[in-house]
Amino acid sequence: MLLLRDAMNGVRRFDDFRRHVGLSEAVLADRLRKLVAAGILETVAYREPGSRTRNEYRLTRKGWDLWPAMIALKQWGDRYTADPEGPPLAVHHAECGEDVRAVVVCGEGHGPLTPPEAGLRPGPSARPVG
């Protein structure tokens with residue numbers, strides 16, 4: 001989750017991920033490899049003058065589709081674990097400046113919904129038990 005958060009905030013390079021998250025090189029390399037294998041991140045080669053070719057890690061469409069979930073987790077953290085002065089980072093609508101928030105709505109536009117207003121039913125791939 002921390003790697004996704006950083007990628008969504010513009011971190012692209014291995015050393016920058018390591019500096020932000022504080023993982024060992026081996027653990028970080030393994031987690032980035034798994035995110036690439038899952039199709040959440042992709043590698044893009046870059047080369048700085050005088051250095052060897054390296055890879056940047058960029059979110060794929062599949063990775064960016066996790067953005068609403070990350071915003072929802074941020075909201076939860078801001079509500080229950082943030083510093084009394086407020087959160088360290090605010091996500092806002094670039095056009096009007098208002099904070100963004102994740103909400104649950106139905107396909108007909110009713111919302112925001114609360115958990116008791118939602119029901120469960122078998123989905124198209126559900127299989128009978130037994």
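Remarks
- Some residue of region 63-70 being over 17 Å from the mean Cα position of the chain (by Cα) and either modelled with pLDDT of 95 or more or at positive phi (or both): no
- Residue check, Gly97 part of a loop (DSSP other than H, G, I, E, B) and outside the structural domain of Glu117 (by TED's automatic domain parsing): no
- Restricting Gly119, Gly123, Gly111 to residues that are surrounded by 11 or more Cβ atoms within 10 Å (Cβ to Cβ) and more than 16 Å from the chain's Cα centre (by Cα) narrows the list to Gly111.
- Filter result for Arg54 (surrounded by 12 or more Cβ atoms within 10 Å (Cβ to Cβ), charged (D, E, K, R), touching an Asp or Glu at 6+ places or on another chain (Cβ under 9 Å) and modelled with pLDDT under 95): yes
- Counted residues, region 90-103 - those being surrounded by 10 or more Cβ atoms within 10 Å (Cβ to Cβ) and out of contact with any Asp or Glu (no Cβ under 9 Å at 6 or more places or on another chain): 5
- With respect to the conditions (1) outside any loop (DSSP other than H, G, I, E, B); (2) out of contact with any helix residue (DSSP H, G or I) (no Cβ under 9 Å at 6 or more places or on another chain), Glu42 lacks only one, and its number is (2).
The values are calculated or read from the model by the stated rules, or taken from the named source; none is laboratory data. These figures come from a predicted structure and were not determined experimentally. FYI the Cβ positions are ideal-geometry reconstructions off the backbone, even for glycines, and counts take in every protein chain you see.
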